[in-house]
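Engineer: The structure under discussion is supplied below as structure tokens; questions concerning it will follow.
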Amino acid sequence: MAQDKKTKKKLKKDSQLVIRMNAQDRDEFVSLCEELDTSAAREVRAFIKGFMRQHAAASEAITAKIAHDK
């Protein structure tokens, strides 16, 4: 468990994901995050991590099939 925390701290946030969206939606999202004492970036990162976990098995199966078909 302690090792997991050390590993997470070593992972730098060294990349950006730029998205285009409606200004009103963005402003409402940022305001809601502020009300909930969190940041928009933190919530987007949490969504991405959850999405990746949710779809990891499907992604691994596709990758394995592609490797097998080569």
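The values are calculated or read from the model by the stated rules, or taken from the named source; none is laboratory data. Keep in mind the model is a prediction, meaning the values are calculated, not measured. Note that each Cβ is placed from the backbone with ideal geometry, even for glycine, and that neighbours are counted across all protein chains shown. These accessible areas exclude ligands, DNA and RNA; they are computed on the full protein's heavy atoms, side chains included. Shrake-Rupley method; radii C 1.70, N 1.55, O 1.52, S 1.80 Å.
Engineer: To test your reading of the geometry: what angle, between 0 and 90 degrees and rounded to tens, separates the Cα axis of helix 56-69 from the longest principal axis of the chain?
Structural biologist: Once rounded, one gets 40 degrees.
Engineer: Assuming a strict under-17 Å limit between Cα atoms, what lysine pair count do you get for the chain once near-sequence pairs (fewer than 8 apart, same chain) are dropped?
Structural biologist: 7
Engineer: Whenever you get a sec, compute what percent of the accessible area on the chain sits on carbon and sulfur atoms (1.4 Å probe).
Structural biologist: Carbon and sulfur atoms account for 57 percent of the accessible area of the chain.
Engineer: Taking a probe of 1.4 Å, how large is the accessible area per residue of the chain, in Å²?
Structural biologist: 102 Å²
Engineer: Would you please give the FRET efficiency between ARG45 and LYS10, computed as 1/(1 + (r/R0)^6) with r the Cβ-Cβ distance and R0 = 22 Å, to the nearest 0.05?
Structural biologist: Between ARG45 and LYS10 the formula returns 0.85.
Engineer: Continuing with the same structure: Just checking my list [x] 17.0, 51; [y] 12.9, 42; [z] 12.4, 41 against Rg and Dmax of the Cα atoms in Å computed from this structure; which label fits?
Structural biologist: [x]
Engineer: Still on this structure, please answer the following. Computed FRET efficiency, Cβ-Cβ of SER59 and GLU35, R0 30 Å: what is it to the nearest 0.05?
Structural biologist: After rounding, the FRET efficiency stands at 0.30.
Engineer: Sort 50-59, 18-27 by the packing proxy (mean of other Cβ within 10 Å over each peptide's residues), most packed first.
Structural biologist: Sorting 50-59, 18-27 by mean packing, highest first, produces 50-59, 18-27.
Engineer: Using the alpha-carbon atoms, what tilt in degrees (0 to 90, nearest 10) does helix 23-35 show relative to the longest principal axis of the chain?
Structural biologist: 80 degrees
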